[in-house]
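**Student:** Let me begin by handing over the structure; questions about it come next.
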């Protein structure tokens, strides 16, 4: 399923309180496989989802925007959540504005309900702006 949501980025973004034991960092190549493994875990119970191999993961990121993607890490450096963004610059002239997409958003079960996704999406929107 897909949901299209829009938010103007010239309106102040919400302040997101820090989550104890968590830091949100920009995506980095050395985190990529750990994000893939986390994604497989996060979506294991989701209808129609299948684990992605490293090759499938790489192919699924054709429009990947690393500067607009973020990872939530716990104190031990484990991935607890992620927001993978895409950009489709060829659509910008027809749309009349630049835009970004949150392609994947996931939070490991133990961290759900603690506003990890909100922290990730806020970081993404700040990067879009």
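The values are calculated or read from the model by the stated rules, or taken from the named source; none is laboratory data. Since this is a predicted model, take the numbers as computed values, not measurements. Positions of Cβ are generated from backbone atoms using ideal geometry, with glycine treated the same way; all protein chains shown enter the neighbour counts.
**Student:** Going by what's in this entry, would residue 31 be described as under 14 Å from the mean Cα position of the chain (by Cα), touching a residue at least 12 places away in the same chain (Cβ under 8 Å), farther than 22 Å from residue 113 by Cα and not in a loop (DSSP other than H, G, I, E, B)? Give the derivation first.
**Tutor:** Numbers: under 14 Å from the mean Cα position of the chain (by Cα): yes; touching a residue at least 12 places away in the same chain (Cβ under 8 Å): yes; farther than 22 Å from residue 113 by Cα: yes; not in a loop (DSSP other than H, G, I, E, B): yes.
It is true that residue 31 is under 14 Å from the mean Cα position of the chain (by Cα), touching a residue at least 12 places away in the same chain (Cβ under 8 Å), farther than 22 Å from residue 113 by Cα and not in a loop (DSSP other than H, G, I, E, B).
**Student:** Return only the number of the condition from (1) within 15 Å of residue 6 (Cα to Cα); (2) touching a strand residue (DSSP E or B) at 6+ places or on another chain (Cβ under 7 Å); (3) at pLDDT below 90 that residue 95 does not satisfy.
**Tutor:** (2)
**Student:** With the requirement that a residue be more than 13 Å from residue 36 (Cβ to Cβ), within 18 Å of the chain's Cα centre (by Cα) and assigned to a helix (DSSP H, G or I), what does region 49-108 give you?
**Tutor:** 66, 67, 68, listed by residue number.
**Student:** Return the residues of region 42-63 that are touching a strand residue (DSSP E or B) at 6+ places or on another chain (Cβ under 6 Å) and buried (at least 16 other Cβ atoms within 10 Å of the Cβ); say none if nothing qualifies.
**Tutor:** We begin by selecting, within region 42-63, every residue touching a strand residue (DSSP E or B) at 6+ places or on another chain (Cβ under 6 Å); these are 42, 63.
The one that is touching a strand residue (DSSP E or B) at 6+ places or on another chain (Cβ under 6 Å) and buried (at least 16 other Cβ atoms within 10 Å of the Cβ): 42.
**Student:** Just to be sure, is residue 123 closer than 21 Å to residue 5 by Cα, within 11 Å of the chain's Cα centre (by Cα), surrounded by 18 or more Cβ atoms within 10 Å (Cβ to Cβ) and free of Cβ contacts under 8 Å to residues at least 40 places away in the same chain? It would help to see each step written out before you state the result.
**Tutor:** Working: closer than 21 Å to residue 5 by Cα: yes; within 11 Å of the chain's Cα centre (by Cα): yes; surrounded by 18 or more Cβ atoms within 10 Å (Cβ to Cβ): yes; free of Cβ contacts under 8 Å to residues at least 40 places away in the same chain: no.
Against the criterion (closer than 21 Å to residue 5 by Cα, within 11 Å of the chain's Cα centre (by Cα), surrounded by 18 or more Cβ atoms within 10 Å (Cβ to Cβ) and free of Cβ contacts under 8 Å to residues at least 40 places away in the same chain), residue 123 does not qualify.
**Student:** Kindly indicate whether residue 120 is touching a strand residue (DSSP E or B) at 6+ places or on another chain (Cβ under 6 Å), part of a helix (DSSP H, G or I) and more than 13 Å from residue 66 (Cα to Cα). Talk me through it step by step, then tell me what you get.
**Tutor:** Values: touching a strand residue (DSSP E or B) at 6+ places or on another chain (Cβ under 6 Å): yes; part of a helix (DSSP H, G or I): yes; more than 13 Å from residue 66 (Cα to Cα): yes.
When the stated conditions are applied, residue 120 passes them.
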